[in-house]
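Structure first, then comments.
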Amino acid sequence: MAVLVTGGAGYIGSHTLIELHKAGLESIVYDNLSNASEESLQRVEHIIGKEIPFVKGDTRDKEQLRELFSNYSIDGVIHFAGLKAVGESVQKPLEYYDNNVIGTLRLLEVMREFDCKSIIFSSSATVYGEPEMVPIKEEFSTGNGITNPYGRSKYMIEEILKDLSKSDSSWKIVILRYFNPIGAHESGLIGEDPNGIPNNLMPYISQVAVGKLNELQVFGDNYPTVDGTGVRDYIHVVDLANAHVKALEYIQKQDVMQEPLIVNAGTGMGYSVLEVVKAFERASGKKIPKKIVARRAGDIAICYADVSRAQEILGWSAEFDLEKMCADSWNWQKKNPNGYEAS
Ligand code: NAD
Ligand code: UFG
């Protein structure tokens, strides 16, 4: 099976390429490199000892997508490509809807032209907005209380995929709702390489640990949680990568699908900011200076997944614990203090 991996040079995509290879699947990467460099792909090739075809291109470029589908025999698509910075999306809504929603529409149109109707889509727990309760089940309502255009773009794409599936049951669609991916491949060769000052917790902590940033700002300590700080379901990126392999295996076994399969991709465990800091300090042996500051706009108190559907339907569950996630994040950060840039 040959899989087109859009956004394959990015953080989750690059890790997924390795797991696809391990499962005996061929990948073709399509990425506009707007938030990645080819270096990540070269390192993946080094890890797997094999070349991966790469085409630099944008998901909104239909002509180039047609050329891609003409040149390669593609059985299915894992669609990671998209913009993902929550704060930036508030400043640049049109860019986010264009990139994420229009990019997905163009991709789906070309897939239909070439009768390639299997797709795994990278969605996010953000579609649940302020969840009714935790753990969050897939059947909970979505679309209400989403605080930013990034999250709404994911919600819109999910709705488009549901409509598409209704119109034609030969589409086989899996929507994975990622919780909070962190960690890195254990080689330390690939990992998360954010532009500028990180917005997310783990890259921020890692950069404090390596001396690039002075202290962590903890956004609020008055939430109704174990210690007042926000609780999230952190998942090792390699576990998450494996969920895609399982989703592809699932798709291959289906003749038709009446609706997209929607699956939470998390561990089912929630950890507070302070618990993550402690785990990172243990894993790295570094003290993380921190300061409690005001809550961040748009943040929710607690978010973690009910993972029973993933186990029952995909036969997938996360293996790695928070200690391993922190150890691997730290290993990547200390070996690559400037990400892919300095190599
Ligand atoms: P990333 O930015 O590292 O990877 C996305 C990749 O897509 C990048 O390599 C970028 O260059 C590429 N890209 C962006 N727009 C493109 C376009 N129009 N055409 C072609 N390539 C394009 O992000 P990631 O963390 O690997 O996330 C992958 C996917 O998972 C994204 O869709 C993201 O929204 C989603 N997701 C991520 C998280 C997270 O916390 N990392 C959580 C939930 C969902
Ligand atoms: N936090 C801090 N200080 C920081 C960064 C984060 O205290 O410098 C806190 C946040 O307030 C939150 C927790 O750490 O309580 C996690 O924050 P992240 O920014 O790492 O992650 P979020 O849960 O806010 O959002 C992430 C992705 C979204 C995705 C969502 C899915 O950024 O794209 O997970 O649940 F939609």
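The values are calculated or read from the model by the stated rules, or taken from the named source; none is laboratory data. Quick caveat, the model's predicted, so the values are computed rather than measured. No Cβ is skipped: glycine too gets one built from the backbone with ideal geometry, and neighbour counts run over all protein chains shown.
So here's what we get for this one:
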item	result
Residues being of a type in the set (Ser, Thr, Tyr) and more than 15 Å from ligand 1 (Cβ to nearest atom) - total across region 137-146	1
Residue identified as free of Cβ contacts under 8 Å to residues at least 24 places away in the same chain and either under 20 Å from Lys172 (Cβ atoms) or in a helix (DSSP H, G or I) (or both) among Glu323, Glu275, Glu281, Glu259	Glu281
Matching entry among Asn144, Asn214 (being closer than 23 Å to Gly87 by Cα, in contact (Cβ under 8 Å) with a residue 24 or more places away in the chain, in a loop (DSSP other than H, G, I, E, B) and more than 8 Å from ligand 2 (Cβ to nearest atom))	Asn214
Test: Lys162 is within 16 Å of Ser123 (Cα to Cα), more than 9 Å from ligand 2 (Cβ to nearest atom) and surrounded by fewer than 19 Cβ atoms within 10 Å (Cβ to Cβ)	yes
Flag for Gly188 being of a type outside the set (S, T, N, Q) and either near ligand 2 (Cβ under 8 Å from one of its atoms) or more than 28 Å from Val3 (Cα to Cα) (or both)	no
Test: residue in region 254-273 that is in contact with a helix residue (DSSP H, G or I) (Cβ under 8 Å, 6 or more places away or on another chain) and on the phi > 0 side of the Ramachandran plot	no
Verdict on Val55 being surrounded by fewer than 21 Cβ atoms within 10 Å (Cβ to Cβ) and within 16 Å of ligand 2 (Cβ to nearest atom)	no
Qualifying positions in region 244-289 - more than 25 Å from Tyr204 (Cβ to Cβ) and of a type in the set (A, V, I, L, M)	Val245, Ala247, Leu248, Ile251, Val256, Met257, Leu261, Ile262, Val263
Residue list for region 58-67, filter: in contact (Cβ under 8 Å) with a residue 12 or more places away in the chain and away from ligand 1 (no atom under 11 Å from the Cβ)	Lys62, Arg66
Search result, residues across region 305-327 that are in contact with a strand residue (DSSP E or B) (Cβ under 7 Å, 6 or more places away or on another chain), of a type outside the set (Gly, Ala, Ser) and under 29 Å from Ile251 (Cβ atoms)	Asp306, Val307, Arg309, Ile313, Leu314, Phe320, Lys324, Met325
Test: residue in region 239-246 that is more than 9 Å from ligand 2 (Cβ to nearest atom), within 20 Å of the chain's Cα centre (by Cα) and basic (Lys, Arg)	yes
Residue in region 203-225 that is within 12 Å of ligand 1 (Cβ to nearest atom), modelled with pLDDT of 95 or more and under 21 Å from Ala327 (Cα atoms) present	yes
So Glu19, is it touching a residue at least 12 places away in the same chain (Cβ under 8 Å), surrounded by fewer than 24 Cβ atoms within 10 Å (Cβ to Cβ), away from ligand 2 (no atom under 16 Å from the Cβ) and over 16 Å from Ala241 (Cβ atoms)	no
Looking only at region 79-136, and only at residues there that are within 12 Å of ligand 1 (Cβ to nearest atom) and assigned to a strand (DSSP E or B), the one that is nearest to Ala247 (Cα to Cα)	Ile120
Residues within region 35-59 that are within 25 Å of Asp328 (Cα to Cα) and either in a loop (DSSP other than H, G, I, E, B) or aliphatic (A, V, I, L, M) (or both), tallied	11
Residue within region 289-304 that is touching a residue at least 12 places away in the same chain (Cβ under 8 Å) and part of a helix (DSSP H, G or I) present	no
